[in-house]
Amino acid sequence: MRRLAVRLLAAFAALVLLLGLVLFVLVRRNLPGREGGRVAGLSSEVTVELDDRGIATIRAASVEDALRAQGWVTARDRAFQLEVLRRNASGRLAELFGSAALPLDRRHRIYGFAEVAEAAVPLLPPRQRADLEAFASGVNAYFEARRGRLGLEFELLRVEPGPWRPADSLAVLLLMYEQLTDGRENERDAGELVSLPPSVRAFLLPRATEDDVVLVPDAPPPAAPALPDLGGAGVPALPRAAALDTEDESLVAGSNAFAVSGSLTASGKPILAGDPHLGHEMPGVWLPMRFVVAGRTSEGVTLPGLPALTIGRTDQVAWSFTNLQADVQDLYREQIEGDRARRGGGFEPVARRTETIRVRGGGVETLVVRSTPRGPLLEGDFSVRWTALDAGNLRLPNGDLLRARDEGELLAAFDGFTGPPQNVVWASRSGSIGWRPAGLLPVRREGLDGSVPCDGSDPANDWRGFVPMEELPRVVDPPEGFVVTANQRTIGTAYPYFVSADWGHPGRARRIRDLLLEARASGLKVTRREAEAIQLDERSETMRRTAAAFVPFLPADLARLLDGWDGTADASSARYLVARALRRALRERALAAWRAPSFRWHLEGDNWNDLLEADDEAFRAAGLGERAAFLAGAANDAVEALAKRYGADRPEWSWGEANRLSVRHPLGHVPGLSWLFDPPRPVQSGAATTPRAASPSFGQSLRLLVDWGEPEAATLVVPFGASGHVSSAHRVDQLPSWRAGDPGGETTRMSRPPSGPSIRLSP
């Protein structure tokens, strides 16, 4: 028996060794080397230099050649990511990953992203179309040259990518539209609040306040927010929504970008700092890259699948984006009768198309998609109008950023940017700083703000074109000496066009502004190191106020923990964890008392702190009973919830453990492969409400810092690395610097010498 066991164990060990050897061979043979190749359409040879982080510098004689080389480099480093992105956009993920991907496929088939992208290509300006064709030719040159050796993922899934097309790049752009502007769930959810008393509804919905960090002034200032006042009236019952997973704050993060004038910096030149916050992906969202074209240098990041740069700097200007939070999508409640939708005094046809979704393993699902002239029909006979679904609205002027010879030409390139709408923050070598929106903003009838679904049968609810590009506001060299955007309400009431009713909470913007004001008041000149410290700031005034109000109602040990806390989301402490649980318990108790559904925006806003700090009379008027009893009950709820999740030993609680980075590679979900494909899961300081935005699956997708007093020292870091190959040394090599920061710029400097021989691409 023992001999048999030994033999079985030996056989198992041999099998494991054999499988490991096979895996090693497969991994190594897919890892790209330094060999070059031919790229059709090149006018002259292009060189590609790799630095010690595997980041490519492309040296080309023309922008067109540079974009062909960029396609080749992107395929070299991120081939499988390209395939996943285009399949995701076109609703074909289930072909790779089976039925688990069907919900995404259904959504993107209903939206018709693939059809929209295909229809948009011939409508592009000729130069933009040529840029997409150049990029595609480079991708396909690499695909063809490395057929069968593109990546371990392709071998494990037994698939090969088809040719990359210009429409695929536009489909990738539509995925970013979806992440940044798809607010249909918020709008539909807000519609469920209409039966609540007006004061409760006004309290729960996002609102403008006088504390917002606006760049276009208010005239008049927003009315002071008020707490609910039920006046003895009952609250109608509403169906409860599914509870929000508040253990993941990914839904409430955003982006930061600020520019500081040379009058406030140590170098006497402007500083730009940008850190867009997006859902983390493996491989990373961005691909760092550098271009040297006809003697002009541009460096930053590109979104894999798109040509040129998205965020970065040229020789003259540095820029970054934050989401404008513009409302570019409306839901319409349609009156459907058979194959017709009521419209005015008559009817209009409802179109139908059939989508066939193939599922790995041989399954097939048929999906019937109905559409009105406003857009596709979703569940519940809601149609959606969205700038993303109009093929004529898609533009991609990224190549013009590489062509720009000076500040004026680069900023003018953003006039051709249609979306998703962004705050553009810039700082230039010449000394100017500024802000402007970029993107298409719908014009609606007066009084219609798109916050709830409207009547699709009434033509008066249709959009009335778009805000003319020349009428978009902008701020250049403000007297404050800086501009700050962090998804807050940037455009005040003086602006004649409606932009949004759902701005981000201004807490991060206020914190960044206050730190810059403190530096100015003290005479401290801002350096690149101070700018990075602001990007990595972990303090939340919102949570500090929440904790302070709850201290009298907590057990003694937790009261001591939070008493005098400054709101810092330190990974090693439980303070932020407890404060967040208290805020969640307050919210849930209040919503239950008002019989209101629980939606995303309820986590944000100073309204909850206003309620916490209200007196007994206001509490009773809000229908919440006695303040002390209410807060004591909420505190008990929070402590019980924390004990259930993290154990009864309170000294063992920590925010960092709750906030571990948790990112999955598409193949990390396959049993037994997580160890190979998923990145590390370190603890994280920071939170969704701090400038250093950090949640398990959402956070700072890059950090860019440019001081025009020493432009050669500009820094850029992404969470993982340049390569998507599992065995590459550059797959996660930037993670330590991204976590710890790099005040000296030793590991994150953008301009670095080549490491090893150049790669040569020939016509």
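Bear in mind these aren't lab numbers, they're just calculated from the coordinates by the rules spelled out. Just so it is clear, the model here is predicted, and its values are computed rather than measured. Note that we place each Cβ from the backbone using ideal geometry, even for glycine, and neighbour counts take in every protein chain shown.
Per 0.36 nm of contour for each residue apart, how much would the distance between Asp615 and Ser727 grow if the chain were fully extended, relative to their Cα-Cα spacing?
Taking 0.36 nm per residue and subtracting the Cα distance, the gain is 34.3 nm.
Hey, could you get me the Stokes-Einstein D for the stretch 569-678, Kirkwood radius over alpha-carbon pairs, 10 °C and 1.306 mPa s, rounded to whole µm² s⁻¹?
Value of D from the Cα-based Kirkwood radius: 97 µm²/s.
With everything on Cα atoms, drop me the angle between helix 126-145 and the longest principal axis of the chain, reported from 0 to 90° to the nearest 10.
Approximately 60 degrees, to the nearest ten.
Given the rule -39500 (n - 2.57) for each run of at least 4 DSSP H residues, summed and divided by the residues of the chain, what is its mean residue ellipticity at 222 nm, to the nearest 500 deg cm²/dmol?
-10000 deg cm²/dmol
What's the angle, to the nearest 10 degrees (0 to 90), between helix 2-30's Cα axis and the longest principal axis of the chain?
80
With 10 angstrom as the radius, rank Thr47, Thr418, Thr74 by how many other C-beta atoms surround their C-beta, starting from the fewest.
Thr47, Thr418, Thr74
Need one number: nm distance between label points at Glu712 and Asp566, each 7 Å from Cα along Cα→Cβ, rounded to one decimal.
Output for this residue pair reads 3.7 nm.
Beta carbons within 10 angstrom, averaged per residue: use that to sort the peptides 567-577, 288-298, highest first.
Highest mean packing first, the order is 567-577, 288-298.
Report the calculated FRET efficiency for Glu35 and Glu518 (r = Cβ-Cβ distance, R0 = 51 Å), to the nearest 0.05.
0.45
If r is the Cβ-Cβ distance from Asp455 to Asp211 and R0 is 35 Å, what FRET efficiency results, to the nearest 0.05?
Working from the Cβ atoms, E equals 0.50.
Report the calculated FRET efficiency for Ala648 and Arg405 (r = Cβ-Cβ distance, R0 = 56 Å), to the nearest 0.05.
For Ala648 and Arg405, the calculated efficiency is 0.30.
What share of Cα pairs, in percent, lie more than 38 angstrom apart in the chain?
Tail fraction, whole percent: 41.
Quick check: the angle from helix 166-181's long axis to the longest principal axis of the chain, C-alpha only, nearest 10 degrees?
Compared with the principal axis, the helix lies near 20 degrees.
Kindly give the semi-axes, whole Å and largest first, of the ellipsoid equivalent to the stretch 649-763, taking each as the square root of 5 times a Cα gyration tensor eigenvalue.
So the three semi-axes of the stretch 649-763 are 29, 23, 11 Å.
Tell me, what does the Kirkwood hydrodynamic radius of the stretch 323-460 come to in angstroms if you use every pair of distinct C-alpha atoms?
Mean inverse Cα-Cα distance, inverted, gives 18.3 Å.
Calculate the spin-label point distance for Ala119 paired with Arg352, positioning each point 7 Å from the Cα along the beta-carbon direction, and give it in nanometres.
Reported label-point gap for Arg352 and Ala119 is 2.0 nm.
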